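Chemist: Provided herewith is a single structure, encoded as structure tokens, for subsequent inquiry.
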Amino acid sequence: MSLRICFVAAEIAPLAKAGGLADVSAALTKYLYAGGHDVRAFLPCYATLKRQDLPMRALPGLQDLPLVLGRYTYRFSVLTTALPGSGAPVYLIDCPACFDRPSIYTADPDEHRRFLVLTHAAFIACQHMVFAPQIMHFHDWHTAIGSLLLRSNYAWDRLFQGARSVLTIHNIGYQGIVGASELPEVLAGAPATLLDPGELAAGRIGLLRTGITLADLITTVSPTYAREIQGPEYGMGLEGLLRTRAGALVGVLNGVDYDEWDPRHDHYLPQHYDAQSLGVKRALKTQLLRRLGMAVPEQGTPRSTPLIGVVSRLVAQKGFDLVFDALPRLLPAYEFQVVALGTGESGYEEFFTALARSYPTRVYYQRGYSDELAHWIEAASDLFLMPSRYEPCGLNQMYSLRYGSVPLVRRTGGLADSVQPLRVASGGGTAADGDSAADSGTGFVFEEYSARALAVTLQRALQLYQEPRRWQALAQRGMAQDFSWARQVQRYVELYERLIML
Ligand code: ADP
Ligand code: GLC
């Protein structure tokens, strides 16, 4: 059955990307479209949009439309383009008052209104195109209000009468909490009874909370995270509400778009490799070390110096406070190198900057965002570090597996669902190159959120690296894993189909 799906998100790669949300929105749109579904994706026309070579067309009848949100009147137009590498239609909401800013996200006082405009504009565009979606799929706090709009503001329109709403939680750490003084803008005419009265009494409106309350189906991006967020440690205050909606909450692990992330054809790499040609990976490592001005281990011995890769937003979620102690302690004691790419909170940036200054040939840190370097790090590194405090899914560990860069992760969320802990059959932790054929698992996994647990696991990895056959077999088991979207997208289609039968 071909479905009509309206997909509304704050990020879609490569047009607008701050993190994994962009990769997932793009892949879902692309694979749904390839599966024959009529999927239409809505995205803000940010000033920072990667518009090179992007053919954009203004949609007649959808120019300079007014939108009244409480005390504010916005004007927007709709442009259309095709998702690069796919052809799926993307509708860009052009509203300079909202999106003509230096970055995708801002700390401006109207941040929530920017995304209210996006979500309303998606409904209004559907009306003008006479597109009757069966599924309206919203993502994170930015567009979570869509479930309320479907039940209230646009419920009068027969066009939406068969539509069901899906809310995907990519990260419960960002909830879109606004002051109750914004009530007229958030509701835009909808009754306040749709909002949580306790929250309102406390002077707040939670946009994600509202979406969780009203969505027909709630998904999150891994089965483990779906369980975790129903408890106090990970629920961030929404655990009680999520437990009441447990029957409508499903965890679907994200997939990987192997068209973009596969060392067999990665277009950022000058040479390609697979599990049978790991010599190319070693050559790429040498090239990257040279390019970054790092020490190149002597010919013939590069295997003894592992390269640890980091590509991450540098925020508390990602757990890098655990390395503040471990890396400075282990660097003098073990032969290894680190290449880190990331930007975020200053404490983390300063830590990596200082470490690179202390060990200029062994540690490289690039503060900022670079797709190209991100791909190179996956290809060149031997070990990939993700010590997350919490991780709804995480994509880089799955990319790393395919690139033969062994992930070292904390057992949480999607990391727990995608990396199988290494089990060494015999002779592990010794200098002897043991019988790797009987080993199992794809990475290093630690449980307790502590610097000690991370350091012990990192030491274990550094020691195992000295057993080349065993290490190679470990990397090869990871490379054979398949997290392709082609399969995961089917899970969404099944969920959509079940929902519209209700
Ligand atoms: P999150 O969405 O929480 O940041 P994910 O692991 O789901 O974490 O996705 C992160 C995505 O963003 C990956 O595609 C990763 O390569 C990319 N990324 C993160 N930081 C950077 C950076 N500084 N430069 C380039 N890509 C980055
Ligand atoms: C969020 C999460 C990350 C997840 C991504 C895509 O940003 O932090 O774990 O992979 O969304 O779903």
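Chemist: Which residues, counting only those in the range 414-448, are modelled with pLDDT of 95 or more and open to solvent by 60 Å² or more (accessible area, probe 1.4 Å)?
Modeler: GLN420, ARG423, GLU447, GLU448
Chemist: Report every pair of residues separated by at least 6 positions or lying on different chains whose Cβ atoms are under 9 Å apart, first residue within the range 368-380 and in a loop (DSSP other than H, G, I, E, B), second open to solvent by less than 20 Å² (accessible area, probe 1.4 Å) and within 16 Å of ligand 2 (Cβ to nearest atom).
Modeler: GLY368/GLY342; TYR369/GLY342
Chemist: On to the next question. Residue under question is VAL296, and the condition is that it be surrounded by 15 or more Cβ atoms within 10 Å (Cβ to Cβ) and free of Cβ contacts under 8 Å to residues at least 12 places away in the same chain; does it hold?
Modeler: So VAL296 fits the description; yes.
Chemist: Keeping to the range 322-346, report how many residues are in a helix (DSSP H, G or I) and either within 16 Å of ligand 1 (Cβ to nearest atom) or open to solvent by less than 40 Å² (accessible area, probe 1.4 Å) (or both). Write out each step before concluding.
Modeler: The initial filter retains those residues of the range 322-346 that are in a helix (DSSP H, G or I), namely 322-330, 346.
From what's left, either within 16 Å of ligand 1 (Cβ to nearest atom) or open to solvent by less than 40 Å² (accessible area, probe 1.4 Å) (or both): 322-323, 326-327, 330, 346.
Of the residues in the range 322-346, 6 are in a helix (DSSP H, G or I) and either within 16 Å of ligand 1 (Cβ to nearest atom) or open to solvent by less than 40 Å² (accessible area, probe 1.4 Å) (or both).
Chemist: Evaluate the range 121-128: report whether one residue or more is in contact with a Cys (Cβ under 7 Å, 6 or more places away or on another chain) and either surrounded by fewer than 17 Cβ atoms within 10 Å (Cβ to Cβ) or assigned to a loop (DSSP other than H, G, I, E, B) (or both).
Modeler: For the range 121-128, residues in contact with a Cys (Cβ under 7 Å, 6 or more places away or on another chain) and either surrounded by fewer than 17 Cβ atoms within 10 Å (Cβ to Cβ) or assigned to a loop (DSSP other than H, G, I, E, B) (or both): absent.
Chemist: Collect the residues in the range 446-486 that are under 28 Å from ALA316 (Cα atoms), in a helix (DSSP H, G or I) and of a type outside the set (Lys, Arg), keeping them in residue-number order.
Modeler: Within the range 446-486, ALA451, ALA453, LEU454, ALA455, VAL456, THR457, LEU458, GLN459, ALA461, LEU462, GLY478 meet the criteria.
Chemist: Evaluate the following for ALA283: is it more than 16 Å from ligand 2 (Cβ to nearest atom) and surrounded by 21 or more Cβ atoms within 10 Å (Cβ to Cβ)?
Modeler: no
Chemist: With open to solvent by less than 30 Å² (accessible area, probe 1.4 Å) and farther than 26 Å from GLY206 by Cα as the only criterion, which of PHE42, PHE131 stands out?
Modeler: The unique qualifying residue is PHE131.
Chemist: Any residue in the range 139-166 that is under 19 Å from LEU249 (Cα atoms) sitting within a Cβ distance under 9 Å of a residue that is among the polar types (S, T, N, Q) and modelled with pLDDT under 95? List the pairs, counting only those 6 or more apart or interchain.
Modeler: none
The values are calculated or read from the model by the stated rules, or taken from the named source; none is laboratory data. Fair warning: this is a prediction, and the values are worked out from it, not measured in the lab. Please note: Cβ atoms are built from the backbone with ideal geometry, for glycine as well, and neighbour counts cover all protein chains shown. Surface areas here come from the heavy atoms of the whole protein model, side chains and all, with no ligands, DNA or RNA. Shrake-Rupley method; radii C 1.70, N 1.55, O 1.52, S 1.80 Å.
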